[in-house]
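Undergrad: Let me begin by handing over the structure; questions about it come next.
The values are calculated or read from the model by the stated rules, or taken from the named source; none is laboratory data. Being a predicted model, the structure only gives us computed values, none of them experimental. Here the Cβ positions follow ideal geometry from the backbone for every residue, glycine too, while neighbour counts run over all protein chains shown. The accessibility values were calculated without ligands, DNA or RNA, using every heavy atom of the protein model including side chains. Shrake-Rupley method; radii C 1.70, N 1.55, O 1.52, S 1.80 Å.
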Amino acid sequence: MSHIKLELKPEQVAKIKEICKSFNNDPGELINVLHKTQETFGYLPAEVQEVVAAELNISVAKVYGVVTFYSFFTMIPKGKHPISICTGTACYVRGAEKVLDEFKRVLNVKVGETTPDGKFSLNCLRCVGACGLAPVVLIGEKVYGRVSPDGVKDIIKEYEDQ
């Protein structure tokens, strides 16, 4: 799965096992286990997937398949403040692409990347269901509506000291 081996600490392995046990080590709960595990660790590296597979008594390939199929899951660490730009139809039509370009320029990262300081990661998503506020940007759970390229720097400034 990965050429770089991440060494999980015993307490991290114990936490993964605890999460699996909270779902009765039921293979049918794989997605729920992965959600909770990603919520805890921030991402799902190969070593975490291996522990989940062992605890649920399923193949690592099955876990990997689920992780790579669903866009919510990530094998790359997210920044402290994950930024998601909605590129659904309403947002796209109202200029989401220009907003995205400005985030890429200001943060100097591409979509799917994290800034070197680990503060921000940048991603796109299809629709957040706030089409009346298009274009929409999410930072963590906070929603910003009617975002223009001119407003990007001010949004980023809100998080720089956090």
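Undergrad: A134 - would you say it is of a type in the set (A, V, I, L, M, F, W, C), buried (at least 19 other Cβ atoms within 10 Å of the Cβ) and touching a Lys or Arg at 6+ places or on another chain (Cβ under 7 Å)?
TA: Yes, satisfied.
Undergrad: All but one of (1) buried (at least 18 other Cβ atoms within 10 Å of the Cβ); (2) in contact (Cβ under 8 Å) with a residue 12 or more places away in the chain hold for P77; which doesn't?
TA: (1)
Undergrad: For R94, work out the one condition from (1) under 30 Å from C20 (Cβ atoms); (2) modelled with pLDDT of 95 or more; (3) outside the structural domain of L44 (by TED's automatic domain parsing) it doesn't fulfil.
TA: Only one criterion is unmet by R94, namely (1).
Undergrad: Could you give every pair whose Cβ atoms fall below 9 Å, whose first residue belongs to the range 100-117 and is closer than 17 Å to Y43 by Cα, and whose second residue is β-branched (V, I, T) and surrounded by fewer than 14 Cβ atoms within 10 Å (Cβ to Cβ), counting only separations of at least 6 or pairs across chains?
TA: G112/I76; E113/I76; T114/I76
Undergrad: Kindly indicate whether V99 is assigned to a helix (DSSP H, G or I), open to solvent by less than 20 Å² (accessible area, probe 1.4 Å) and at pLDDT 95 or above.
TA: It is true that V99 is assigned to a helix (DSSP H, G or I), open to solvent by less than 20 Å² (accessible area, probe 1.4 Å) and at pLDDT 95 or above.
Undergrad: Taking only the range 64-74 into account, find how many residues are under 16 Å from G112 (Cβ atoms) and either open to solvent by 80 Å² or more (accessible area, probe 1.4 Å) or assigned to a helix (DSSP H, G or I) (or both).
TA: Residues meeting the conditions: 5.
Undergrad: Go over the candidates K110, K153 one by one and state the one that is outside any loop (DSSP other than H, G, I, E, B) and open to solvent by 20 Å² or more (accessible area, probe 1.4 Å). Before you say what the answer is, go through the steps one by one.
TA: Values: K110 fails: outside any loop (DSSP other than H, G, I, E, B).
Answer to the check: K153.
Undergrad: Another question about this same structure. Being open to solvent by 20 Å² or more (accessible area, probe 1.4 Å), part of a helix (DSSP H, G or I) and out of contact with any helix residue (DSSP H, G or I) (no Cβ under 6 Å at 6 or more places or on another chain), is that true of even one residue in the range 116-130?
TA: No, that holds for no residue.
Residue-by-condition table, conditions (1) over 19 Å from the mean Cα position of the chain (by Cα); (2) free of Cβ contacts under 8 Å to residues at least 12 places away in the same chain:
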{"site": "K9", "(1), (2)": "yes, yes"}
{"site": "S22", "(1), (2)": "yes, no"}
{"site": "K36", "(1), (2)": "no, no"}
{"site": "F41", "(1), (2)": "no, no"}
{"site": "L44", "(1), (2)": "no, no"}
{"site": "Q49", "(1), (2)": "no, no"}
{"site": "N57", "(1), (2)": "yes, no"}
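Undergrad: In this structure, does A61 turn out to be surrounded by 15 or more Cβ atoms within 10 Å (Cβ to Cβ) and assigned to a helix (DSSP H, G or I)?
TA: Spelling it out, it is not the case that A61 is surrounded by 15 or more Cβ atoms within 10 Å (Cβ to Cβ) and assigned to a helix (DSSP H, G or I).
Undergrad: Now, a different point. Spot the failing condition for G65; the list is (1) small (G, A, S); (2) assigned by TED's automatic domain parsing to the domain that holds Y43; (3) in contact with a helix residue (DSSP H, G or I) (Cβ under 9 Å, 6 or more places away or on another chain), and only one is missed.
TA: All conditions pass for G65, except number (3).
Undergrad: Please work out which one of (1) within 20 Å of F72 (Cβ to Cβ); (2) under 15 Å from the mean Cα position of the chain (by Cα) is the condition A130 fails and give its number.
TA: (2)
Undergrad: Sticking with this one: Please go through the range 79-96 and give me each residue that is in a helix (DSSP H, G or I) and touching a helix residue (DSSP H, G or I) at 6+ places or on another chain (Cβ under 7 Å), ordered by number.
TA: Scanning the range 79-96 gives a single hit, A90.
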